[in-house]
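Visitor: Sending over a structure as structure tokens; questions will come in a sec.
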């Protein structure tokens, strides 16, 4: 059941006829739809010329302060939201008879209830994509303390973007709950039951004013079940029987109606429809992350897949900057690795050691003639020569001893013996300290 039983239809005499001007600037062109509370009109701005949709309360409803409060609540709730998946409210006012109206963007397309009535059950990826787009709107709404409480296919409107891609917009925030609003208790008690029975969460049936954002998680579960099967998740005789089924009976099994669908998807929907809110997904974001693997490669699905990787990285027991760097790498490349930095550090140490060795060789080469001609009575020069020769290569020590004159064999022999003995000792490399400022750009050729 998509719609509650309609109340008395709007008074036909109170519906503005085509050609009538509303609010002094909107000329009515057609009636787009009717409901128990009022009518939606297609109109055009007389000066700017653009098409708009006007939601007008019926005269009887307009005289009811409670209905007017709900009506104005929709304007307040919608104006706060900036998502492309929320229908835009452009203006508000009253007719000459005093009936309030809202001016909204005009949408070309159809709601999802009409879509499945015309086409039947939707393909898996298409249905999941539509729900993900609606989730995108409700993530922002919940962040602002707004709970919709009436999510159903007829409140999800399928239109198109400028480039022709499908776009789902969430309609009718008229019974939404704002966390900061005043008078919520009185208004809820007056209305008794808020929402459409087939899509209401158990806690919403028991006491609507206690329903929080997890009631919208339930609503999305029933919506997705309906889009995939065209059947309701719960059934009962009349509104009371339906409410009793929601409160006490388990939902239908998704794969009993469509066996080809994944068992994992059935588990996601079953979790949405847990009667205890604590057992459901605790946010619409969590639900969207669970649905993203079943969606096509769309920008909306990609955003939720990225936030899923970000959440996984945030669970690492690492300092904040390291988690942030790993998360950015995971989002950009699908993996976070510290290997490039390790290779870069090793490369710097190796280059620094090579530079020190070259410097020592140059010093050794400059001192070579003096060492070769040193008298045999200068034993202090031998350890120094041996140390320099040991740090340098064996080939580098050969030119230094070659020019020794024949009259000084004892000095040359002593130097060679000391060098040979020193070459057997372990080489101790000088400590190298390499500092890199955090966040510096790294050109890693390794």
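No lab work stands behind these numbers, since they all come straight from the coordinates. Since we're looking at a predicted model, the values are computed, not measured.
Visitor: Using 0.36 nm per residue of separation minus the Cα-Cα distance, give me the extension gain between residue 29 and residue 118 in nm, one decimal.
Guide: The residue 29-residue 118 span can extend by a further 29.4 nm.
Visitor: With the Cα gyration tensor of the stretch 108-315 in hand, give its eigenvalues times 5 under a square root as the equivalent ellipsoid semi-axes, listed largest first in whole angstrom.
Guide: Largest first, the stretch 108-315 gives 25, 21, 18 Å.
Visitor: Could you tell me whether the stretch 209-295 comes out rounded, prolate or oblate from its Cα gyration tensor? Rule is a ≥ b ≥ c as square roots of the eigenvalues, rounded for a/c under 1.5, then prolate if a/b exceeds b/c, otherwise oblate.
Guide: Oblate is the answer for the stretch 209-295, as a/c is 1.5 or above yet b/c matches or exceeds a/b.
Visitor: Determine Rg/Rh for the stretch 65-164; Rg is computed over alpha-carbon atoms and Rh is the Kirkwood hydrodynamic estimate from the same atoms.
Guide: Looking at the stretch 65-164, the ratio lands at 1.00.
Visitor: When you have a sec, figure out the Kirkwood radius of the stretch 78-119 from all distinct Cα pair distances and drop it here in Å to one decimal?
Guide: 12.7 Å
Visitor: Quick check on the stretch 16-106: what does the Kirkwood estimate of hydrodynamic radius come out to from the alpha carbon pairs, in Å?
Guide: With all distinct Cα pairs of the stretch 16-106 included, I get 13.3 Å.
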